[in-house]
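Please read the structure below before turning to the comments.
Derivation of every value follows stated rules applied to the coordinates shown; laboratory data play no part. Note that the structure is predicted; figures quoted are calculated from it, not measured. Note: ideal-geometry Cβ built from the backbone for every residue, glycine included; neighbour counts use all protein chains shown.
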Amino acid sequence: MTTSWNRKDQHIHYAEMQYNQPKSNGLDGVRFVHQSFSEISVKDVSLHTNLDTLNLDVPFFINAMTGGSDKAAIINKNLAYVARETNLAMAVGSISIALNDPTQQESFKIVRKTNPNGMIFANLGAHHSVENAKRAVDLIEANALQLHLNTPQELVMPEGDRDFSSWLKNIESIVNRLNVPVIVKEVGFGMSKETIQQLIDVGVTIIDVAGKGGTNFIEIENQRRELKEYSYLYDWGQTTAESLLEARKFASQASIVSSGGIKTPLDMLKSFGLGAVATGLSGEFLHLILTKGTDETIHQIERFKEELTHLMVLVGAKSIATIKDQPLVLDSHLTNWCYQRHLP
Ligand code: FNR
């Protein structure tokens, strides 16, 4: 493959090729303690949740993926249709490409056209100006803006950014001057307590830890390199479970979102048990939409909602926010991680 093939289409292609690779988001090292008395009924359970001021009827959403090619436009249209039919929030991929090239705007605008009343998040890299942030939000009348942190991806990407000195300052300016909520997210390398503290210090209130264990952008960008020299770096970053443990003590200061290799309602439940209040799925929804189409994806999402409700009954939690009050046991790896990182 050569780099002349549209980068956005390459991302879709390589991400889908990764789908069946065995990977761990670390949540297999987290277990709820089974209790024989649930003491609640299915009808008591609510899937509603809040990300700061954003109200979500469903605690899982379609996380950032695409836009910026003809194929991306079709995928975005299909995902927006699925989101509308199932009442899921949805993020588009980075709008950066459409700010430079107006011919690419339609592949993003199609999302708002397809789902006029839906909860939609715009997406940009953290190096962008306040003006670009406003343009991205206006383009799709977004309810919030995601800013992504992707240093490993940029460095492995042949044409990637090489200067990361202004990100935190930019984020602070955007948070202060944008009139919609800002969500800061990783892209599959996870977060540390130091990063989360820095984000909270500049006023960020919604943080998606986007851990390792699902789509791997070092691998995707390395596939695009002629020599593929970065294959030794595929294990870089914190898993989703490790990232959520890093984030746990900030639960009262920011709404924590889990993502990175989330595929099942049990992954979702465990991440809520570690303090997340919502969860984003990219690779899983990409795979569903590409291989099953819109109708089967809608059915799958409805099954996810029902199964998550049942799992909440299993742990005796009526709301997403109270799942974290249920007893959990961590495996020796995660216990050791907490010990060395001085996590509660
Ligand atoms: C992504 N992701 C992403 N994230 C972002 O903030 N802006 C973007 O433009 C993209 N683009 C993108 C394209 C494709 C094809 C995929 C699969 C993913 C990253 C995504 O939002 C998420 O953080 C990671 O993919 C990890 O989650 P999953 O895929 O393991 O659920």
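Once you have the Cα-Cα distance between residue 101 and residue 322, take 0.36 nm times their residue separation minus that, and quote the gain in nm to one decimal.
Numbers: separation 221, 0.36 × 221 = 79.56 nm, distance 4.52 nm.
Between residue 101 and residue 322, full extension yields an extra 75.0 nm.
Would you mind checking the pairs 212/318; 185/249; 113/324; 263/324; 77/263; 113/169 and listing those with alpha carbons more than 27 angstrom apart? 212/318; 113/324; 113/169, as the Cα separations exceed 27 Å there.
Label 7 Å along Cα→Cβ of residue 201; the range 245-260 residues with amide nitrogen under 16 Å? Backbone N within reach: 250.
In this simple spin-label model, placing a label point 7 Å from the Cα along the Cα-to-Cβ direction at both residue 36 and residue 253 gives a separation of 4.3 nm. When peptides 155-165, 252-262 are sorted by average Cβ neighbour count within 10 Å, with the highest value leading, the order is 252-262, 155-165. Per-residue extension of 0.36 nm, minus the Cα-Cα distance of residue 294 and residue 329, leaves a gain of 8.8 nm for this segment.
Can you show me the helix-derived [θ] at 222 nm for the chain, built from DSSP H runs with n ≥ 4 at -39,500 (n - 2.57) apiece and divided by the number of residues, rounded to the nearest 500. Calculated mean residue ellipticity at 222 nm is -12500 deg cm²/dmol. When you restrict to C-alpha pairs under 8 Å that are six or more residues apart and normalise by the size of the chain, the relative contact order lands at 23 percent.
With θ taken as phi - 60° and the Karplus curve 6.51 cos²θ - 1.76 cosθ + 1.60 applied, the whole-hertz 3J(HN,Hα) list for the range 44-60 is 7, 7, 10, 8, 5, 8, 10, 10, 6, 8, 8, 9, 10, 6, 10, x, 10 Hz, x standing for glycine and proline.
Helices meeting the span-like rule in the chain (full DSSP H runs, Cα extent of at least 27 Å along the helix axis, mean Kyte-Doolittle score of -1.0 or higher): 293-314. Normalise the Debye intensity by I(0) for the chain, one equal point scatterer per Cα, no solvent, then take log10 at q = 0.06, 0.07, 0.10, 0.16 Å⁻¹ and round to two decimals. Debye output, listed in q order: -0.19, -0.26, -0.55, -1.54.
The alpha-carbon atoms of the range 198-288, seen along their principal axes, cover 46, 33, 18 angstrom, with the largest extent given first. Phi angles across the range 209-226 convert, under the Karplus curve 6.51 cos²θ - 1.76 cosθ + 1.60 with θ = phi - 60°, into 3J(HN,Hα) values of 5, 5, x, 6, x, x, 4, 10, 7, 5, 5, 4, 5, 5, 4, 7, 8, 4 Hz, Gly and Pro given as x.
If R0 is 22 Å, the Cβ-Cβ spacing of residue 179 and residue 129 corresponds to a FRET efficiency of close to 0.90.
For the peptides 323-331, 134-142, the ranking by packing is 134-142, 323-331, with the highest mean count of neighbouring Cβ atoms within 10 Å listed first.
Computed across the range 101-166, the Kirkwood radius stands at 13.2 Å (inverse of mean 1/r, all Cα pairs).
Over the range 235-337, one equal point on each Cα, no solvent: what is log10 I(q)/I(0) by the Debye formula at q = 0.14 Å⁻¹? The Cα Debye sum returns log10 ratios of -0.59.
Taking Lys and Arg as +1 and Asp and Glu as -1, the other residues whose beta-carbon sits under 12 Å from that of residue 25 total 0. For q = 0.14, 0.16, 0.20, 0.24 Å⁻¹, what log10 I(q)/I(0) does the range 148-226 give under the Debye formula with an equal point scatterer on each alpha carbon and no solvent? Log10 of I(q)/I(0), two decimals: -0.51, -0.65, -0.93, -1.16.
Highest mean packing first, where packing is the average number of other Cβ atoms within 10 Å per residue, the peptides 302-311, 191-200, 233-242 line up as 233-242, 191-200, 302-311. Of all DSSP beta bridges confined to the chain, the antiparallel ones make up roughly 20%.
Using only side-chain charges placed at the Cβ, +1 for Lys and Arg and -1 for Asp and Glu, the dipole size of the chain relative to its Cα centre rounds to 260 debye.
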